[in-house]
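No value in this document is a laboratory result; all are computed from the given coordinates. Being a predicted model, the structure only gives us computed values, none of them experimental. When we count neighbours, we look across all protein chains shown, and the Cβ atoms used for this are built from the backbone with ideal geometry, even at glycine.
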Amino acid sequence: MKFFNKLATAAAVGSLLLGANVAQADSKEPIVIPTHNWTSQITMAYVIGGIFESIGDNVSYVPADSQTVYESIRNGDVTIGHEVWQSTFGKSFNNALDAGGIIDVGKHASATQEEWWYPAYVGELCPGLPSWEALNECSDLFATAGSGGKGRYLDGPMDWHGQETLDRIEALDMNFTAKFAGSSGALWAELASAAKDNRAVVVFNWSPNFTDAGDGGSFVKFPAYSDGCKKSDGGDGKCGSPPAGWLKKAAYYQMPAKWPTAYKIYNNISFTKRDIGNMAALVDIDGMSHEAAAAKWLADNEATWKAWL
């Protein structure tokens, strides 16, 4: 059943979608959209799927590994990859581009940052932050029962960039150990738990995200990033992530031929920092489901997405 037919809230959105014209017939095969393990990506999947459905195309959603998805796109098992973050997924994406079968469909209108992050109150517990050296000197504040006396850094899921995290800790000789969360939701749960006790905590975070609003926290400042500085790229690993990375879109190479109208729209789609942060906030702050959040975003932003048709 189509996305909009699943939601009771879709009735308010349906009127927005009437009258959309298809300039050229797209394939009736479903456009396969992947869902990963962080909020904005899942919500955006349903937003984009809703837009494709508005022109009469069929859509299906499949859970997919966030690194190997680019091979799935190359092989045609998945049609698009709509949130390709430079620091975390850039290497897998570029490897797929080199192999062929995948299209770089350009960037969203938002720069990105992906880095260790701490809540504002932690800055008072550990003077000298956001410097990574200061963080290391305060490592005992971040120790947990299972961290062996070292500070504990809560990273995202292992499939995001697990080895890179371990490489950096080792290269900088940090008195920290890393634990990998099962999903983005586990990161926010840990932040909420720590805040209740005014407990020091440092986690992986990114921007754009719902945490951009207000003065909720800061990114740790590591040695400056440069091309090739990561150990996996031949460097020594003593560097942070790009401070203003790109956020790209990928597509199966046959998408322009099989779904020409949808591909044209997809090429036009460009979400801003505010768009992406709002998609995340509707779920992580307001408690909506990903599907309902997407329906609300479409209803509230008709002028934006209709301009892409």
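Which of 215, 284 comes first, and how do the rest follow, when ranked by fewest Cβ neighbours within 10 Å?
Lowest to highest Cβ neighbour count: 215, 284.
For segment 176-205 and segment 30-100, what is the separation of their Cα centres, given in Å?
27 Å
Straight-line reach from residue 238: which lysines fall under 25 Å, measuring Cα to Cα and dropping same-chain residues less than 8 apart?
Within reach: 91, 150, 179, 221, 230.
Rg and Dmax of segment 113-233, using alpha carbons, in Å: what are they?
Here Rg and the maximum Cα pair distance are 13.6, 40 Å.
What is the fewest-to-most order of 263, 70 by other Cβ atoms lying within 10 Å of their Cβ?
Neighbour counts put them in this order, fewest first: 263, 70.
What nm distance separates the two modelled labels at residue 173 and residue 158, each placed 7 Å from Cα along Cα→Cβ?
According to this spin-label approximation, the distance is 2.9 nm.
Once both axes come from the Cα atoms, what is the angle between helix 86-99 and the longest principal axis of the chain, in degrees from 0 to 90, rounded to 10?
50 degrees
Could you compute the net charge surrounding residue 150? Neighbours are other residues with a C-beta less than 15 Å from the C-beta of residue 150; K and R count +1, D and E count -1.
Here the charged neighbours net out to -2.
Percent of Cα-Cα pairs more than 29 Å apart in the chain, please.
The calculated P(r) of the chain puts 38 percent of pairs beyond 29 Å.
Just to confirm the number: angle between the C-alpha axis of helix 184-196 and the first principal axis of the chain, 0 to 90 degrees, nearest 10?
So the inclination is approximately 40 degrees.
Using Cβ contacts closer than 10 Å as the measure, can you line up 279, 288, 255 from fewest to most?
288, 255, 279
Suppose R0 equals 25 Å. What FRET efficiency, 1/(1 + (r/R0)^6) with r the Cβ-Cβ distance, do residue 309 and residue 104 give to the nearest 0.05?
On the way: r = 22 Å, r/R0 = 0.89.
Result of the calculation: an efficiency of 0.65.
Compute the label zone of residue 95 within segment 218-236: residues whose backbone N is under 18 Å from the point 7 Å along Cα-to-Cβ.
Answer for this model: 228-235.
Work through the residues other than residue 108 whose Cβ is under 11 Å from its Cβ and net out their charges, Lys, Arg +1 and Asp, Glu -1.
Spelling it out: positives minus negatives among the neighbours equals +2.
Looking only at segment 113-233, where both bridge partners belong to it, what percent of the DSSP beta bridges are antiparallel (to the nearest 5)?
55 percent
Just to check I understand the Karplus step: with θ = phi - 60° and J = 6.51 cos²θ - 1.76 cosθ + 1.60, what whole-Hz values come out for segment 226-232, glycine and proline as x?
Rounded to whole hertz, the list is 8, 4, x, 6, 6, 4, 5.
Sorted from largest to smallest, which semi-axis lengths in Å does the alpha carbon gyration tensor of segment 219-309 give for its equivalent ellipsoid, taking the root of 5 times each eigenvalue?
Semi-axis lengths for segment 219-309 are 33, 22, 11 Å.
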